[in-house]
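Every number in this text was worked out from the coordinates using simple rules, so none of it is lab data. Just so we're clear, the structure is a prediction, and the values are computed from it rather than from any experiment. Methodologically, a virtual Cβ is constructed for each residue, glycine included, from the backbone with ideal geometry; neighbour enumeration extends over all protein chains shown.
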Amino acid sequence: MLALAITNGLVIGMIYALTALGVSLVVGIMNVVNFAHGEFYILAGYFSYIFAHTMGFDPFAAMFIAVCAVFLFGVLVEYTIIRPTYGDELYSLILTFILSIVLQNAYLLIFGPYPNKPPNWVSGATNVFGLFYYGNQRLAALAAGVAVIVLFFAMLKMTWFGRMIRATSQDREMAELNGINTKRLNMLSFGLGCALAGAAGVILAPVFPVTPTAGVPLALTAFVCVVLGGMGSMRGCIVGGLILGLVENLGAAYVSTGYKHVFMFIILILVLLVRPSGLFGRSEA
């Protein structure tokens, strides 16, 4: 049971980490808390379902198109809803909260309350170290999550766009003086943050079918990952996501599934008591 709980924790933790990266990116660049982040996760799952199940696309092509569609929708949301609120973080927070409610009701109206599940990429199960059989779809989800995170960090370190993101997150005014168009960067960064949530959605949707309100607890967990790892720390998102995934699944295996979110907040409180800035956050002088 221990090995199975740890494996489940790694799979879920990687998805938490991937979703939290999108939150951290938007907060770090734009200083905007996107309450609708979980709804972008769900939107990608629904797009993947439509493209693969209804339109007959190859599952991998459906996933790619779904993430691109969520990126474009995120760009549209930034341009029409978020951009007019720059300089007023509370206003943007309220608008994204309203957007979350609107999207949830739109999903309910269009897709109904029933779970929708895109087709699996792979079938069968694998004997893990001779201890237990584990679904190949979940193992594929873990591998895909790792691959997307590696690609994201490679983009940050090795491309001009990544350098602009890092420069703007450290000092926006200096970045503007060096010729960076921060408005355009905001738009692309918000779209990328939504796409990261969308990537998590298309990866996990074949394992956990999407429903109109399933994005709310995931968004809450992503925010906790960001705070736990340290505001502004990308590697903190990864560590925080893995910790929460492992703690939740170990607690569910040995205590009760009903206390899953309780375990999450207990870990958060304990870490913040010791390190108020989070695991990798910088303490203010």
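Structure values in brief
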read-out: Peptides ranked, highest mean first, by Cβ atoms within 10 Å: ranges 109-116, 197-204; value: 197-204, 109-116
read-out: Gap separating the Cα centres of segment 234-285 and segment 67-146, nearest whole Å; value: 21
read-out: Mean Cβ neighbour count within 10 Å, used as a protection proxy, ranking 92-99, 216-223, 148-155 highest first; value: 216-223, 92-99, 148-155
read-out: For segment 52-99, alpha-carbon Rg over 2.2 N^0.38 Å; value: 1.59
read-out: Estimated Rh, segment 41-158: Kirkwood, alpha-carbon pairs, angstrom; value: 17.1
read-out: Kyte-Doolittle mean at least -1.0 and Cα axial length at least 24 Å: DSSP H helices in the chain; value: 2-30, 59-77, 89-111, 136-158, 182-204, 234-254
read-out: Cα coordinate range in the chain, projected on the principal axes (Å, largest first); value: 58, 49, 36
